[in-house]
Amino acid sequence: MLKLQKSKPIQFTFGTTLALALLGCGGGSQAEKPQCPSAIESATALAMVNQIRAEPRMCGAKAMSAAPRLQWDQALHAAATAHSKDMAHRNFFGHTNPDGLTTGQRATIAGYGANTGENIGAGYASLEAVQKSLLESAEHCENIMRPEFKHYAVACASNDNSEYGTYWTQSFGSK
């Protein structure tokens, strides 16, 4: 586990689903827990990730080509929403929940299939903030730029009684 220093340690873990399932998180202060936006507009979220993918970029030391546009997927959104809510309400942070359910299993249960990848983040009050943090991490940036992904969804859940307050899940997939 890597620890990066900001105002509070930020923990990153690393897992695999397709070839990589990646994780990013941030810290909110214990006194002021961030809240998820009242609604995440799917068109806005999709436009943001597609704008990122439209240009070649450096993900750490790795040059990544521009990637094809993604399409919003409701089944991936259901899986992302369920995972964000689960992390917020059971106060854990990881790709595998305390019952052992994995990224691919969640996507399959939601009707998508297991050919997926995932970025998760905690402690951010906006999609822009979590996306910026993920792009600053080479592994997470690579996951966002993976050309084999065709579909996308993102969700956030809040719980003031949890460690980070907000829990974000970005789901990617290719059927």
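List of remarks:
- Members of segment 32-51 found to be charged (D, E, K, R), surrounded by fewer than 14 Cβ atoms within 10 Å (Cβ to Cβ) and over 11 Å from Val154 (Cα atoms), listed by number: Glu32
- Extreme residue, surrounded by the most Cβ atoms within 10 Å (Cβ to Cβ), among residues of segment 103-148 that are of a type in the set (Asp, Glu) and touching a helix residue (DSSP H, G or I) at 6+ places or on another chain (Cβ under 8 Å): Glu118
- Every condition in (1) within 22 Å of Thr44 (Cβ to Cβ); (2) of a type in the set (Ser, Thr, Tyr); (3) open to solvent by 20 Å² or more (accessible area, probe 1.4 Å) is met by Tyr167 except one, and the failing one is (3).
- Pair list, Cβ < 7 Å and 6+ apart or interchain, from segment 79-101 residues that are basic (Lys, Arg) to residues that are open to solvent by 40 Å² or more (accessible area, probe 1.4 Å): Arg90/Pro98
The values are calculated or read from the model by the stated rules, or taken from the named source; none is laboratory data. On a predicted model such as this, the values are computed, not experimentally measured, just so you know. Positions of Cβ are backbone-derived with ideal geometry, glycine not excepted, and every protein chain shown enters the neighbour counts. Note: areas computed on protein heavy atoms with side chains; ligands, DNA, RNA excluded. Shrake-Rupley method; radii C 1.70, N 1.55, O 1.52, S 1.80 Å.
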